[in-house]
Amino acid sequence: MSSANNDTTVDTEAIREVLDANRAKMKTALRVCAHCSLCAESCFLFHVHDGDPRYMPSHKFINSIGRLYKKKGRVDREGLEEISEIVWRRCVLCTRCYCPLGIDIPEMIALARNICRSQDVYFQWDQLEQPA
Amino acid sequence: MYDLVRGPFVWVAFIVFIVGTVYQVVRFYALSRETSPFRLTKPTGGPPKTEAPPAEPVLTFGQRMRLSIAGTSPVMITVTTVFHVLLVLTPIFVLGHNVLWDLAWGVSPPSLSEAFTDVLTLIVIAGGVYFLGRRLFMARVRAITSAYDYAILAIATAPFITGFLAYRHIFDYDTVIILHMLAGEIMLIAIPFTKLVHMPFFFINRFLLVHENTFGAGGTRIWR
Ligand code: HEM
Ligand code: HEM
Ligand code: SF4
Ligand code: SF4
């Protein structure tokens, strides 16, 4: 959906640089998350999608920045596309999500967007499929 | 075995728990810095005055409660509050523990009756069973659950389950009490190094960090 270039390589080093620069807060957020799902109801997109768990804020940061962190930046183009789908299509960064443990979920999603951008993966409005 | 688990292991567990927790807090301070909270200031001069915002909050207390997680997940919030309060307080007032404190130090916190702490123990276990049920049967919880979450739930409730079995003398007491002490020690050691580290980080995240949902004045620190 959103590759600006057709380059098939991923610059793992560049991803790691972003990960390293944000290691402390990222590691803490990922470790502290109780996987309790209480943030679900605070996201309007979760409601709009009839409670689809993939729209739960924690599901979004665990499967974007969490995935990049666990794999130490080793993802392929397909993986980056999946992540960009999560961080742009399933989240609008409205910052309204609420976590009782005070995890800054939007910051984590913004970080994953940064990493996508570092690999020339963007959200491209002109390629957006309109719902039927 | 019994002497080892009742003696040195207890101290090791408490020291790891305390030093580990202090380490996490010190590490947070080392990796974060003071910042001035973000404040919007009123511009001077400029366009004519607009109507003053209402002094009363726009939403009533009841409306705000209904929109909070206590309103959207009332059962979970009730269960988790009771679970956490009793999880921390019960062990402090268990007679069996205080006898041991007394033997070691000559002082101990006051004890509640064993019959009462037994009920509290059962309530904590019931909370654990509720969390387990959510994890197994609610799609949204299952979607972010891995074996690790079950392991942590087991580590957190094991001291209560084994403590209960020991008090009721269900199964062989000598074995159960050793298992109980081991379970308690494992739980204490696990707190600073697993997702149970949310114990200190709840307070760091909600009171110290500048963040959308910080309580009170809005926090003063940000990660470097
Ligand atoms: C670390 C070393 C620990 C030791 C040596 C220890 C020892 C004991 C002993 C001797 C009893 C009394 C059993 C009886 O009445 O026969 C007891 C009960 C109990 N322990 Fe522990 N314990 C430890 C850790 C913990 C921890 C960390 C927790 C919970 C967080 C815990 C929770 C309980 C509870 C709830 C009971 C009462 C069970 C009931 O009355 O139903 N213990 N423990
Ligand atoms: C004392 C400060 C603590 C605070 C403020 C706190 C707060 C929280 C919060 C907000 C959650 C998120 C979901 C929920 O509400 O259940 C949670 C989950 C949890 N907490 Fe704590 N907690 C504390 C200490 C502890 C300790 C000491 C333990 C156990 C050793 C513990 C065990 C758990 C477990 C097992 C969960 C996950 C429940 C599940 O599986 O859904 N907590 N805690
Ligand atoms: S982000 Fe917060 S509310 Fe959401 S699952 Fe994790 S701990 Fe629970
Ligand atoms: S920032 Fe994203 S995850 Fe959070 S409430 Fe808004 S759309 Fe949902």
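The values are calculated or read from the model by the stated rules, or taken from the named source; none is laboratory data. Because the structure is a prediction, the values reported are computed rather than measured. With ideal geometry, Cβ positions are generated from the backbone for all residues, glycine too; neighbour counts draw on all protein chains shown. Accessible surface areas use protein heavy atoms only, side chains included; no ligands, DNA or RNA. Shrake-Rupley method; radii C 1.70, N 1.55, O 1.52, S 1.80 Å.
In this structure the amide hydrogen of B:SER32, modeled in the peptide plane, comes within under 5 Å of the amide hydrogens of B:ARG224, none closer than 5 places in sequence on its chain. Within the accessible area of the protein assembly as shown, the carbon and sulfur atoms contribute 65%, probe 1.4 Å, all protein chains present.
With the charge dipole of the protein assembly as shown set up from +1 on Lys and Arg Cβ and -1 on Asp and Glu Cβ about the Cα centre, the Cα lying farthest toward the positive end among the listed residues A:GLY79, A:PRO106, A:ILE65 is that of A:PRO106.
Take the Kirkwood radius over Cα pairs of region B:35-111, plug it into Stokes-Einstein at 4 °C and 1.567 mPa s, and you get 70 µm²/s for translational diffusion.
With respect to chain B, whose longest principal axis is taken over its alpha-carbon atoms, helix B:95-105 is tilted by about 80°. In degrees, nearest 10, range 0 to 90: what is the angle between the Cα axis of helix B:74-93 and the longest Cα principal axis of chain B? On a 0 to 90 degree scale, this one is about 50. Solvent exposure of region A:12-121 amounts to 40 Å² per residue of accessible area, where only protein heavy atoms count and the probe is 1.4 Å. Of all the options B:ALA52, B:ALA104, B:ALA147, the one that moves most in a Gaussian network model of chain B with Cα springs shorter than 10 angstrom is B:ALA52. Out of every Cα-Cα pair that chain B contains, those further apart than 31 angstrom amount to 40 percent.
If you take the alpha carbon atoms of chain A and fit the smallest convex hull around them, that volume is 101 Å³ per residue. Here, region B:119-216 yields an orientationally averaged convex hull projection of 8.3 nm² when only Cα atoms define the hull.
Here the Karplus curve 6.51 cos²θ - 1.76 cosθ + 1.60, taken at θ = phi - 60°, turns the phi angles of region A:9-17 into couplings of 8, 10, 7, 4, 4, 4, 5, 4, 4 Hz, with x standing for Gly and Pro.
Summed over the residues of chain B and divided among them, the accessible surface reaches 62 Å² per residue at a probe radius of 1.4 Å. Straight-line cross-link reach from A:LYS60 at under 19 Å between alpha-carbon atoms covers these lysines, not counting any fewer than eight positions away in the same chain: A:LYS25, A:LYS27, A:LYS70, A:LYS71, A:LYS72, B:LYS195. The orientation-averaged shadow of the Cα convex hull for the protein assembly as shown, equal to a quarter of the hull surface, comes to 25.1 nm². When all protein chains stay in place and ligands, DNA and RNA are ignored, the 1.4 Å accessible-area order of B:GLU51, A:GLU129, B:GLU34, largest first, is B:GLU51, A:GLU129, B:GLU34.
Where only DSSP H runs of four or more residues are counted, the protein assembly as shown gives -17500 deg cm²/dmol as its mean residue ellipticity at 222 nm, each run worth -39500 (n - 2.57). Residues considered: B:LEU132, B:LEU95, B:LEU67. Largest GNM mean-square fluctuation over chain B, using C-alpha springs under 10 Å, is found at B:LEU67. The trypsin sites (Lys or Arg not before Pro) of region B:45-86 meeting both criteria, a DSSP state outside H, G, I, E and B (loop) and at most 12 other C-beta atoms within 10 angstrom of the site's C-beta, are B:LYS49.
Within region B:168-219, the chymotrypsin sites (Phe, Trp or Tyr not before Pro) that combine a DSSP coil assignment with at most 13 other C-beta atoms in a 10 angstrom radius are B:PHE171, B:PHE215.
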